[in-house]
Structure formats: structure tokens, C-alpha cells
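> The structure that follows is given in the form of C-alpha cells.
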Amino acid sequence: MPIASLTFVSSNEEKHREIRGALTDCGVTVARVALDLPEMQSLDPAQVAGHKARQAFERLGAGAVLVEDTGLAILAWDGYPGALIKWVLGAVGEPGLCRQLDAWDDRRAQATVALCLYDGRTLHTFTGQATGVIAREPRGAHGFGWDSIFQPDGHELTYGEMPREEKMRISMRARALAGLREFLRSQ
């Protein structure tokens, strides 16, 4: 059965704006609700998002739910912090993470977004990735989270320095959303 509406579970209005904008041509209404859900501890954003999607559906009781989780895997640190990035940034902030990497020559990172759509029966996971480097210091005021410290490959600007439209053409969220859009259109 086609999905006509879904609930995006997030307290982040900026993420909601990006997702709602990306799905406008799919004929799907996207509402947002903030739920305080326990988060499993894993480096893998898809595991975290899938777990939260099931919890959100159980809490809301009906309708399709969409949950996103993001990870920032630093290659020199064997993929850490991954999906634990929000906890690391909560402790040391973007400037602190940049300084911690000063001890390594390799500043490469892989950003991942996992979008999990759950209707009470089937979990559909859509992932997008982008590779880049962690900047020496935060740059830019656009975006949210760690956008000011992630500089994608082939670009001189961090996500935080890019206008939203430019970021949404190349970001890992845009790649995950492309898979979700394709799925929704095929319903």
C-alpha cells in the first residue's frame, strides 16, 4: 500500500526542513514529532536508526515513521566515533574534535546518514555516504551538528560554509534521500 504520509521523528527542525523539501515531489506529507527515545550504543548509524524507528512506531501506535541517524567515522580512529558523534561533540565540541585530530596526520572521515522507514511490518533502510576531511578548525555558520568541521572531497568549503542548496546536492543526507524518494515513488 502506498505511503501518503509519514512522521519524521526528530527534534531538529533543520533536518525536518531538508527532508520535507526533498520529498515534496513524492506526494508524501511529512509531519515532525520530537520523541525522547533511548538510543542504543553502536558505531553504525543504520543500527541506531532502525532501533529508534521500531521504538517510535511502538510509541506512536500507527502510521509510517521515519528516523534518521548520522555518523562521522574518522579513519585514523578506526571508524570512531561513528554514530556516537553527538556524544563526542557534546563533550568536546567541534573545536575540541578538530584539536584532538591534530595528533594524527590522517584527517580523513566518512560521513553516513541512515534513514529508516518503518510501518510496523517492514523496516526499509536508505543510506548515503560522503568522504572528506575534518577541518583544522570549525568554518561556517550554515547547517547543524558537525557541518562546520566536515569538508567533503573535491570541495574547498565545509558543509557549514555552503548554502543549503549546494550542500543538499552533494551531502550524504541527499544520497540517502534519493533512495527513499525512489522507494516512495515506486509504491
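Computed from the coordinates by the stated procedures, all read-outs in this text should not be read as laboratory data. Note that this is a predicted model, so its numbers are computed, not measured. FYI the Cβ positions are ideal-geometry reconstructions off the backbone, even for glycines, and counts take in every protein chain you see.
> If the viscosity is 1.567 mPa s and the temperature 4 °C, what Stokes-Einstein diffusion coefficient in µm²/s follows for the range 74-117 when Rh is the Kirkwood radius over Cα pairs?
My calculation gives 114 µm²/s for D.
> Hey, how many Å between the Cα centroid of the range 137-175 and the Cα centroid of the range 96-111?
Distance between centres, Cα-based: 17 Å.
> Asp25 versus Leu60, label points 7 Å from Cα toward the beta carbon: distance in nm?
Placing both labels 7 Å beyond Cα along the Cβ direction yields 2.5 nm.
> Using the Cα atoms of the range 5-186, I'd like the radius of gyration and the largest Cα-Cα distance, Dmax, both in angstrom.
Looking at the range 5-186, its Cα Rg and Dmax stand at 16.1, 49 Å.
> Oh, and also: Excluding residues fewer than 8 places away in the same chain, name every one of the lysines whose C-alpha is closer than 21 Å to that of Lys167.
Lys15, Lys86
> A further question on this structure: Starting from the Cα of Tyr80, step 7 Å toward the Cβ, then list every residue of the range 105-121 with an amide N under 19 Å from that point.
Within reach of a label on Tyr80: 105-112.
> Could you pull out every residue, at least 5 positions away or on a different chain, whose amide H is within less than 5 Å of the one on Ala109? Hs are placed 1.01 Å off N in the peptide plane, and Pro or chain starts have none.
Leu75, Gly132, Val133, Ile134
> Within a Cβ distance under 13 Å of Lys167, other residues only, what is the Lys/Arg minus Asp/Glu net charge?
Residues close to Lys167 contribute a combined charge of 0.
> Just how large is the dipole of the chain about the Cα centre, in debye to the nearest 20, putting +1 at every Lys and Arg Cβ and -1 at every Asp and Glu Cβ?
Computed about the Cα centre, the dipole is about 480 debye.
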